[in-house]
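Enquirer: Take a look at this one; I'll ask things after.
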Amino acid sequence: MTTSLCDDRFISISENLKKIRDDISEAAVKSGRKPEDVKLMAVTKTVDVKYINYAITECGIDLIGENKVQEFLSKKENLKLDGVEKHLIGHLQTNKVKKIVPFVDMIQSVDSFKLAKAISDEASKLGKTMNVLLEINIGDEESKTGFDKAAFTDSLFEISELPSIKVKGLMTIPPVCDTPSESEKYFSAMSDFYNEIKEGNYPNFDFNILSMGMSGDYKEAIIHGSNLVRIGSSIFGARIYK
Ligand SMILES: *Cc1c(COP(=O)(O)O)cnc(C)c1O
């Protein structure tokens, strides 16, 4: 890669990551865990491949998240993905399942039994098991994707019988709040819910990931038990949608 260091954006990516990692360590320790117990995902939607590659090869990023199937597929040939885990974090339509299952390590945005089944069916065909997270609409917002708690409880048993997925935990995007401390009640509710499900020991559930916290609220999310934060704009700068 020809990295022109004249581009200030490379420098700010590396400085941003330094600060974010310090914050993550501090919040992890505050919540009684070790810094390495909380995983950092770089959210790469709309970000140019040269900046993503820089974050991977120069700054040690080893987990990326993309929202859209098409965007990820068109970027991936140009990404330096050796040793990098790839997760889909955006809403997935069942008709795109076939396109994405072969290429990602986890789908974090499973929000219906129908989608979980489509993923399991496709993974079966490929002879693999797909790791997934179930997305919870913790604020019960009409506009948001994700299971509401009642629908989730109804689907739990069915999902736990699907043969070719492994449910590794939960993901959420809480309602937009005016202050980070307002988000805390949602993070706290998520954490309780996660522990409750984990203790249920469902057949194909292997709970060890609670994915919550983004640029504006990752410290609060970690304090309340998140062990995977998904950070985009605080690493790469404000997104420019084309
Ligand atoms: C875009 C996005 C993020 C990252 O958001 P930032 O506020 O830029 O950190 C995290 N999770 C999901 C599901 C997203 O779509």
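Enquirer: Dipole size in debye (nearest 20) for the chain around its Cα centre, Lys and Arg Cβ +1, Asp and Glu Cβ -1?
Expert: On the way: 32 positive and 37 negative charges, 171 e Å.
Here the size comes out at about 820 debye.
Enquirer: Continuing with the same structure: Could you work out what % of the accessible surface of the stretch 1-88 is carbon and sulfur, using a 1.4 angstrom probe and leaving DNA, RNA and ligands out of the count? Mind dumping the intermediate values first?
Expert: Values: 2170 of 4600 Å².
The nonpolar share, carbon plus sulfur, comes to 47 percent.
Enquirer: Still on this structure: Percent of accessible area on the stretch 109-242 owned by carbon and sulfur, 1.4 Å probe? Provide the component values of the computation, followed by the final result.
Expert: Values: 3050 of 6180 Å².
Carbon and sulfur atoms account for 49 percent of the accessible area of the stretch 109-242.
Enquirer: In whole angstrom, and with the biggest value first, how far do the Cα coordinates of the chain range along each principal axis?
Expert: Here the Cα extents, ordered largest to smallest, are 55, 41, 32 Å.
Enquirer: Percent relative contact order of the stretch 97-145, based on C-alpha pairs within less than 8 angstrom and at least six residues apart?
Expert: For the stretch 97-145, the relative contact order is 43 percent.
Enquirer: Also, I was wondering about something else. With +1 on each Lys and Arg Cβ and -1 on each Asp and Glu Cβ, and nothing else charged, work out how big the dipole of the stretch 1-137 is about its Cα centre, in Debye to the nearest 20. The partial results should precede the final answer.
Expert: Numbers: 22 positive and 21 negative charges, 101 e Å.
That gives the stretch 1-137 a dipole magnitude of about 480 debye.
Enquirer: What list of ³J(HN,Hα) couplings, whole Hz, do you get for the stretch 62-72 from phi and the Karplus terms 6.51, -1.76, 1.60, once you set θ to phi - 60° and write x for glycine and proline?
Expert: 10, 8, 10, x, 10, 8, 10, 4, 4, 4, 5
Enquirer: Using θ = phi - 60° and the Karplus form 6.51 cos²θ - 1.76 cosθ + 1.60, what ³J(HN,Hα) does each residue of the stretch 159-174 get, whole Hz, x for Gly and Pro?
Expert: Using θ = phi - 60°, the values come out as 5, 5, 9, 6, x, 10, 10, 10, 8, 8, x, 10, 10, 8, 10, x Hz.
Enquirer: Compute the distance from the alpha-carbon center of the stretch 214-242 to that of the stretch 113-138, in whole Å.
Expert: Distance between centres, Cα-based: 25 Å.
Enquirer: For the chain, what does the helix formula give at 222 nm: sum of -39500 (n - 2.57) over DSSP H segments with n ≥ 4, over the residue count, nearest 500 deg cm²/dmol? Present the calculation step by step, with values, prior to reporting the outcome.
Expert: Details: 9 runs with 100 residues, N = 242.
Value at 222 nm, helices only, nearest 500: -12500 deg cm²/dmol.
Enquirer: If contacts are Cα pairs under 8 angstrom and at least 6 residues apart, what is the relative contact order of the stretch 83-212 in percent?
Expert: Numbers: 223 pairs, mean separation 29.5, N = 130.
Once divided by the residue count of the stretch 83-212, the mean separation gives 23 percent.
Enquirer: Per residue of the stretch 43-54, in order, report the coupling 6.51 cos²θ - 1.76 cosθ + 1.60 (Karplus, θ = phi - 60°) as ³J(HN,Hα) in whole Hz, putting x for Gly and Pro.
Expert: Whole-Hz 3J(HN,Hα) from phi for the stretch 43-54: 8, 10, 4, 6, 7, 5, 4, 5, 6, 5, 4, 4.
Enquirer: Using only alpha carbon pairs under 8 Å that are at least six residues apart, calculate the relative contact order of the chain and give it in whole percent. Don't jump to the answer; show the numbers that get you there.
Expert: Values: 432 pairs, mean separation 48.6, N = 242.
In percent, rounded to a whole number, it is 20.
Enquirer: Tell me the per residue accessible area of the stretch 1-101 using a 1.4 Å probe; a whole number in Å² is fine. Present the calculation step by step, with values, prior to reporting the outcome.
Expert: Values: 5310 Å² over 101 residues.
Here the residues of the stretch 1-101 average 53 Å² of exposed surface.
The values are calculated or read from the model by the stated rules, or taken from the named source; none is laboratory data. It should be emphasised that the depicted structure is a prediction, and the values quoted were computed from it without experimental measurement. Positions of Cβ are generated from backbone atoms using ideal geometry, with glycine treated the same way; all protein chains shown enter the neighbour counts. For accessibility, only protein heavy atoms count, side chains too; no ligands or nucleic acids. Shrake-Rupley method; radii C 1.70, N 1.55, O 1.52, S 1.80 Å.
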